[in-house]
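J.: Let me begin by handing over the structure; questions about it come next.
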Amino acid sequence: MSDDNYRPLSDDEMADFFSGFIELIDIPEALYSAETEEPFRNCIKCKCDLFDDVEYSISKHFEEGVDGKAQIFLEYALCKKCHEGLGIKTSEESLKNIEALYDEVLGKELHNSTFSIFPEEEDLPEYLDHCYITCQKIDKTKAYSVIGQFKGDKLMMPSVMSFSVEARMKIAEVLSQETKEEMDKMYDIIDLPPSVGKAINVSDLLGIV
Ligand SMILES: [Zn+2]
């Protein structure tokens, strides 16, 4: 094949390629809604029924608690259509910085020994308990975040990732101001609980939406 025939894969082709590695597993309780103690059922924006074979993401953010256990302070499910509809643009600078941040850790020995490359259901605890950036066990008395991608009533492995408070700050640090403002669109659609303003700098969560 000559170089003339080479072209990068389109987003759809990439999605097809990666779908070959995706395993759909039951949603673990750690990713249930803390409010209902059941799986999330509706998109926070359009309220569609997520179990209707809808693709969506869940974000759960915890803050340091008072009784030795971190407390949920923000959680939501957002369908793919609504996420795309937000039209969040990431600046080139931010993309480069995020790539560099991941290059520092992904594929490295520590990361490979912490997370399976082709994870299955039994590997889920590693993804829920270890920070995807630092690879350290997450101290669940402190702030941390968990995100994942879902389809209907199933979690798509290996999309679930957890981030320690250190990782959250690192990601927020490398995003450009422009990108942060774009990502703020995400929080425009959510009624942030009144305590959030005081408890946390929301910009520390940007990039983990
Ligand atoms: Zn929606």
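J.: From the Cα gyration tensor of region 22-204, with a ≥ b ≥ c the square roots of its eigenvalues, which class applies: rounded if a/c is under 1.5, or else prolate if a/b is larger than b/c, or else oblate?
T.: Rounded.
J.: For region 22-204, with only Lys/Arg (+1) and Asp/Glu (-1) charged at the beta-carbon, what is the dipole magnitude about the Cα centre, in debye rounded to 20?
T.: So the dipole magnitude of region 22-204 works out to roughly 420 debye.
J.: Follow-up. Using a 7 Å offset from the Cα along the Cα-to-Cβ direction at both D139 and K80, what is the distance between the two label points in nm, to one decimal?
T.: 3.8 nm
J.: Name the aspartates and glutamates eligible as straight-distance cross-link partners of K185: C-alpha to C-alpha under 13 Å, and not fewer than 8 places from it in the same chain.
T.: In chain and number order, the partners are E84.
J.: Do any of K69/K96; K47/K96; K137/K180 go past 32 Å between their Cα atoms, and which?
T.: Over 32 Å apart, Cα to Cα: K69/K96; K47/K96.
All of the numbers you see were taken from the coordinates with simple rules; none came from a lab. Just so we're clear, the structure is a prediction, and the values are computed from it rather than from any experiment. All Cβ positions, even for glycine, are placed from backbone atoms using ideal geometry, and neighbour counts span all protein chains on display.
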